[in-house]
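Novice: Quick one: this structure, given as structure tokens, is what I'll be asking you about.
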Amino acid sequence: MFTNRGTVTGSVVVVAAFASLIGPLAAAGPATALTSQPLPDVVSSEVRLKLERDGRLGVTEVVTVPEGGTARRVVPLRFAAGEDLDRVFTVTDARVEGSGSASVTGDELVLEAGGGRTTATYVVDGTISEVGDELELRWQVAGGWNTDLDSVTVSLASPEAPRSVNCLAGPAGSSTPCTSADLADGRGVRAEEIGLGTGERVDLAVGLSAGVVPPNALVVESSGLAAAFALTPVTAVGLGVLLVLLLGGVALLWLLRGRDAAAMAAGVGPVTVLVAGEDGRVAFASPDGVLPGQVGTVVDEHVDVVDVTATVIDLAVRNYLWIAEVGSAGGVLDWRIVRRNPADAALSGYERAVYRAVLPDGADSVLLSELRARDVDLSAVRDELYGDVVAKRWFARRPDAERTLWWWAGAGTAAAGAVLTAVLALTVGHALFGLVVVAAGIALAVFARAMPARTRRGSALLEHVRGLRGYLRELDPADVPDADRELVFSRSLPYAVVLGEADRWLGTFARLRSDADGTPGLYWFGETDPADDLDRFAQRFPSFLGALDGVLAQAGHLRSLRGPTP
């Protein structure tokens, strides 16, 4: 993992050469004597290591630099440890006594030493690894200097006597042993290197018995995408935060949606739907005066085609429209929608919008087949109905706007996370943290459809809707006076349509005699062949519902009913 030594240029060699040169000149006498010259100024380093019981390595470097000079050492804290693997060291508590400085930046420890004697101390974590049944301490005690070193001396004190020592010196990657390296008496190691060139290093590896200290070597993915997306303490914390946020969000949705689920549960009490007047007549009255279109929107938080279809039926039942079954060329059934009364102030805004959509441009009547060929615009219906459920305080805000807001918030978060992932992958790593943000954004966008929680008033309305559904499923026509059955059947039918109970409701009243009021057939629906009972109507009416749904959907406005879907 570490490096080698270079050419020895120590002061011992310089002194010997100098002595061989001045010997003959001294014998020649004073006239020819050579004036004595001092040895060149040198930099030297003394490194003292102390291995603690917890596995941390305390380091003291005493650097001697000629007066007026400076020396700088850059110590890499990340070394190749195999294919696609790096060994990482952590340095803390770096400080300096004397003229110099010590700092850790990224994966490097930087030491600065001025003239004179400078003492740097720091603590290294990650030097102890498991090698077979033993432990190995490894640290680069010298290296990265921007100047030659005359000598490097090393001493190590450990909790127990080391078993072996290996010291390498020279350029990175070389395997030249240090000048000397021995197991000292007691619990230590001593090593020395004479003459270390600029940029060369001294690596020290010491064998220890198993259990002397805990191993703490950290090996990670070395580079590229694998390293950038490696699980680190930082990304682990990010994943933990994401988990907490997601669980918190699920808990919040559970509380909000659980309230609505409870409202639709079987334990809801009875809801009064049929009321008797002073004259003894029985009439249908929707809970809280809720209209069919409002029921559908409050239940599923969307304006759907069936909400519009149920409203058309309701307008006919309330004598604003009349629906007639007519024949057409080839024997294909068609239906005519006829204006019976104008859309007055008694109608809500969305009902007037439906009225104008099916009878456009003030027309008195229109065939369903003609509507199929027109561009039926239901955007006004959607806006009016969403505004209506907010005005009724069943929702705090328009459900479609709330969903859109949360969707864009999620999409924006995911996009920001993608940018963050790319930046982290190309710079400091920990790119998995960016993916955490992406995942959070995607989750927010996915759950956007579940965000428009109803108000308490809206949730309370669901209780009444559940009671209304029970009424549609359980009513026995025999409990309604003969004279009132047709009206009860008709007024209830739009609610059966919007709640998916139309077939059951039609079957329940299939044998109802509709001529109890003296007129055969229903008062709001005309057939080519009216009958005294509703059996034929029950067979043909679903065809009208399907045709009307098809016209509205085929016009291309099914999506527009749900608003601007992200």
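The values are calculated or read from the model by the stated rules, or taken from the named source; none is laboratory data. It should be emphasised that the depicted structure is a prediction, and the values quoted were computed from it without experimental measurement. Here the Cβ positions follow ideal geometry from the backbone for every residue, glycine too, while neighbour counts run over all protein chains shown. Please note that ligands, DNA and RNA were not included when accessible areas were found on the heavy atoms of the full protein model with its side chains. Shrake-Rupley method; radii C 1.70, N 1.55, O 1.52, S 1.80 Å.
Novice: Take the residues in the stretch 110-126 that are touching a residue at least 40 places away in the same chain (Cβ under 8 Å) and under 42 Å from the mean Cα position of the chain (by Cα), then tell me which one is most open to solvent (accessible area, probe 1.4 Å).
Specialist: The qualifying residue most open to solvent (accessible area, probe 1.4 Å) is Asp125.
Novice: Any idea which of Gly114, Gly143 is within 19 Å of Leu57 (Cα to Cα) and either out of contact with any His (no Cβ under 9 Å at 6 or more places or on another chain) or aromatic (Phe, Trp, Tyr) (or both)?
Specialist: Exactly one residue qualifies, and that residue is Gly143.
Novice: Sticking with this one: Yes or no: the stretch 274-287 includes at least one residue that is more than 19 Å from Val358 (Cα to Cα) and part of a helix (DSSP H, G or I).
Specialist: Within the stretch 274-287, one or more residues are more than 19 Å from Val358 (Cα to Cα) and part of a helix (DSSP H, G or I).
Novice: Which of the following residues is open to solvent by 40 Å² or more (accessible area, probe 1.4 Å) and modelled with pLDDT of 80 or more: Val206, Val244, Val234, Val282?
Specialist: When all the criteria are applied, what remains is Val244.
Novice: Please go through the stretch 99-109 and pick out each residue that is hydrophobic (A, V, I, L, M, F, W, C) and either open to solvent by 40 Å² or more (accessible area, probe 1.4 Å) or at pLDDT 95 or above (or both).
Specialist: Listed by number, the list holds a single entry, Val104.
Novice: Also: Kindly indicate whether Ser129 is closer than 14 Å to Pro215 by Cβ, at pLDDT 90 or above and either open to solvent by 60 Å² or more (accessible area, probe 1.4 Å) or in a strand (DSSP E or B) (or both).
Specialist: yes
Novice: May I pose another question? Could you please let me know if Arg454 is in contact with a helix residue (DSSP H, G or I) (Cβ under 7 Å, 6 or more places away or on another chain) and not in a helix (DSSP H, G or I)?
Specialist: yes
Novice: Residues Val63, Val43: which one is in contact with a Gly (Cβ under 8 Å, 6 or more places away or on another chain), modelled with pLDDT of 50 or more and farther than 27 Å from Ser158 by Cβ?
Specialist: Sole residue among the options that is in contact with a Gly (Cβ under 8 Å, 6 or more places away or on another chain), modelled with pLDDT of 50 or more and farther than 27 Å from Ser158 by Cβ: Val43.
Novice: Something else now. Looking only at the stretch 476-503, which residues are more than 45 Å from the chain's Cα centre (by Cα) and open to solvent by 50 Å² or more (accessible area, probe 1.4 Å)?
Specialist: Once the filter is applied, which keeps residues that are more than 45 Å from the chain's Cα centre (by Cα) and open to solvent by 50 Å² or more (accessible area, probe 1.4 Å), the stretch 476-503 yields Asp476, Ala478, Asp479, Pro481, Asp482, Ala483, Arg485, Leu487, Arg491.
Novice: Could you run through the stretch 163-182 and say how many residues are surrounded by 22 or more Cβ atoms within 10 Å (Cβ to Cβ) and within 52 Å of the chain's Cα centre (by Cα)?
Specialist: 4
Novice: Mind counting the residues in the stretch 285-317 that are more than 45 Å from the chain's Cα centre (by Cα) and surrounded by fewer than 18 Cβ atoms within 10 Å (Cβ to Cβ)?
Specialist: Qualifying residue count, the stretch 285-317: 1.
Novice: Residues of the stretch 387-408 being open to solvent by less than 40 Å² (accessible area, probe 1.4 Å), modelled with pLDDT under 90 and part of a helix (DSSP H, G or I), which ones?
Specialist: Those that are open to solvent by less than 40 Å² (accessible area, probe 1.4 Å), modelled with pLDDT under 90 and part of a helix (DSSP H, G or I): Pro399, Asp400, Glu402, Arg403, Thr404.
Novice: Another one. Out of the residues in the stretch 359-375 that are farther than 20 Å from Val332 by Cβ and of a type outside the set (Asp, Glu), state the one that is most open to solvent (accessible area, probe 1.4 Å).
Specialist: Gly362
Novice: Further, regarding this structure: Tell me yes or no: at least one residue of the stretch 364-381 is closer than 26 Å to Arg469 by Cβ, of a type outside the set (Val, Ile, Thr) and part of a loop (DSSP other than H, G, I, E, B).
Specialist: Checked against the condition, which is being closer than 26 Å to Arg469 by Cβ, of a type outside the set (Val, Ile, Thr) and part of a loop (DSSP other than H, G, I, E, B), the stretch 364-381 yields at least one hit.
Novice: Let me ask another. For the structure I just gave you, tell me whether Arg449 is in contact with a Pro (Cβ under 7 Å, 6 or more places away or on another chain), in a helix (DSSP H, G or I) and either open to solvent by less than 30 Å² (accessible area, probe 1.4 Å) or free of Cβ contacts under 8 Å to residues at least 60 places away in the same chain (or both).
Specialist: no
Novice: Which of the residues that make up the stretch 164-199 are farther than 20 Å from Leu49 by Cα and either touching a Pro at 6+ places or on another chain (Cβ under 8 Å) or outside any strand (DSSP E or B) (or both)?
Specialist: Pro171, Gly173, Ser174, Ser175, Thr176, Gly197, Thr198, Gly199
Novice: Could you list all residues from the stretch 455-475 that are open to solvent by 10 Å² or more (accessible area, probe 1.4 Å) and among the β-branched types (Val, Ile, Thr)?
Specialist: Residue satisfying the conditions is Thr455 alone.
Novice: Just checking, does the stretch 323-332 include any residue being outside any loop (DSSP other than H, G, I, E, B) and under 49 Å from the mean Cα position of the chain (by Cα)?
Specialist: For the stretch 323-332, residues outside any loop (DSSP other than H, G, I, E, B) and under 49 Å from the mean Cα position of the chain (by Cα): absent.
Novice: Right, something else. Can you name the number of the only condition in (1) surrounded by fewer than 18 Cβ atoms within 10 Å (Cβ to Cβ); (2) without any contact (Cβ under 8 Å) to a residue 40 or more places away in the chain; (3) not hydrophobic (A, V, I, L, M, F, W, C) that Arg72 fails?
Specialist: (2)
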